[in-house]
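Working notes for the structure below.
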Amino acid sequence: MTNSKVCVLGAGSTKYGKLDESVIEIALNAAKDAIDSAGITPKDIQAGYISNVFGVADKQVHMAPVIMSNLGISHVPGLTIESACGSGSVMFREAFANVAAGFYDCLLALGVEKVTHTGTVRSTTLFSYCSDFFYEGGNGASFPGLFASMARAYMNTHKATEEDLANVAVKNHENGFLNPKAHMRKKITIDEVLKSPVVASPLKLLDCCPFSDGASATILCSEEFAKNSGRPYMEVIGSGRGASPAAVQGREDITTIPSTVAAARQAYKMAGVTPKDIDFAEVHDCFTIAEIIDIEDLGFFPKGKAVHAVRDGATRLKGEIPINPSGGLKSKGHPIGATGVGQVVEVFDQFTGKAGERTIPNAEIALTHNFGATGASAAVHIFRKVDRK
Amino acid sequence: MMEELSEKEKTREKFIEAANRKKILAHRCNKCGHLMLETVLFCEKCSASKFEHVELEGSGTVVTYTIQAVAPEGFEDAGSYAWVVFKVDNQQLRGSGFLPGVKTPSDLPIGMKVRVAGYDPKHGLILQK
């Protein structure tokens, strides 16, 4: 028997940043928050979906059974999914599909990462393994370098400037300043971005998200399960997946990410909404240029126009389409296995009155977008607030 | 069958061998004529798997690039360099490689000519202006 509607009943996150705990302890802290938030016990959980990329850096792969065992439910099957920086959303999609298919009525969907203890140089190398290494990492491109090449192509095609990119960083740090769980909880100025050290031209340090540790978790369930709980919840009304050539060189147009376009098209169609219906969005801003490309590919702005919209304030908390109210990857942080789930946690917090000063009033429909590597894989989800009154 | 598999596993080796002769190794689909880099095993357009090997002149124009101010592990001793995406001359095919000696964007305008200079086990596909 299938479940025609899939809901998010609970959500929780650790703080993102440099964390001392082991990768498993970080995961369990987020799991406990999500379980408490849903008002369930581990005995209600029928499966565990876990996203993680660099568990090996903390001496733990095959993570799902370890997490299940430490939640006291070792008999519950788990699965660990990797899709680079998009692992969280890709895993969430598989969890969603399994509830929709009727295999489970309640499951844990959790993303976790711990990488900062390896240091910046080693972390940079580990991340480069997410590229098409023979053509990219192996020829000297770091991840900032790959996105810098996309930034140069975009700036050349659309006559955008480094200051246009810096506007994204300033806006996301404004939002992240209001998020107690953000890694980089500090306001910054355009001047500070432009004067920060160059990492890979034209991108500078403050165009880049940080390496972060952290975990985020959600409880996904059937509508019947959610209704019976008597607690606030939201419905997943759209889900899409997309793919792009793994290497940047394989793309005819380097100023767009085909996986985003495909995933968004599917998600909008499933949800029966258009970009104009979205009240706010959490998008994949691993670098400032990524957010510019994302919000055009998601249909919020025409190609080449996002930089003007950002400059005019359209994407700020009180703008026409707030983008990354959580602070995004840029300020909230980017624990890559957790990031896509963390975006869902932000939507849940917004819809259930837990977003504090960054609350977007009267928001009812929101979108999350998260991709792996330079967009080789991507997933988009759309959520609707369920009014329990 | 074993021989065929063994041959397929060496696509990167063949690509590298051609790069050392300053060429780009590609293959053209026998069925639809689409041209791909040597490392792709099925046609991107029609999924056929029979190809004609094509050695292209290793020359092209810069599509985009970055200058890696912070070099990744293995490239710390490479000096100032660019990672470059280039379009192969007279083809729709694009490649990417390592171009040493680039310090500022004025050294490398988009559209500039680059050539394959060889393949270095440490730094990958080496380009030169």
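Tabulated data for the structure shown
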read-out	value
The protein assembly as shown: antiparallel DSSP beta bridges as a percent of all, rounded to 5	85
Charge dipole of the protein assembly as shown about the Cα centre (unit charges at C-beta), most positive-ward option of B:LEU127, A:GLY119, B:THR104	B:THR104
Evaluated at q = 0.14 Å⁻¹: base-10 log I(q)/I(0), Debye formula over Cα of chain A	-1.15
Overall form of the range A:221-292 per C-alpha gyration tensor (a/c, 1.5; a/b vs b/c)	prolate
Tail beyond 19 Å, pair distance distribution of the range A:331-389 (Cα, percent)	35
Rounded tilt (10° steps) of A:23-38 against the dominant C-alpha axis of chain A	60
Chain B, dipole about Cα centre (Lys/Arg Cβ +1, Asp/Glu Cβ -1), debye to the nearest 20	480
For the range B:59-128: rounded, prolate or oblate by the Cα gyration tensor [a/c cutoff 1.5]	oblate
Angle between chain A longest axis and helix A:87-100 axis [Cα atoms, degrees, rounded to 10]	30
Paramagnetic label zone (point 7 Å from Cα along Cα-to-C-beta, A:SER69; backbone N under 16 Å) in the range A:108-145	none
Relative contact order %, chain A, counting alpha carbon pairs below 8 Å whose residues are six or more apart	27
Spatial separation of Cα centroids for the range A:1-72 and the range A:80-119, in angstrom	9
Of A:ASN139, A:ASN29, A:ASN370, the one that fluctuates the most in a GNM where chain A has Cα springs shorter than 10 Å	A:ASN139
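We did not get these values from a lab; they are worked out from the coordinates using the rules stated. For clarity, every value in this text was computed on a predicted model and none was experimentally measured. A quick note on method: Cβ atoms are made from the backbone with ideal geometry, for glycine too, and the neighbour counts reach across all protein chains shown.
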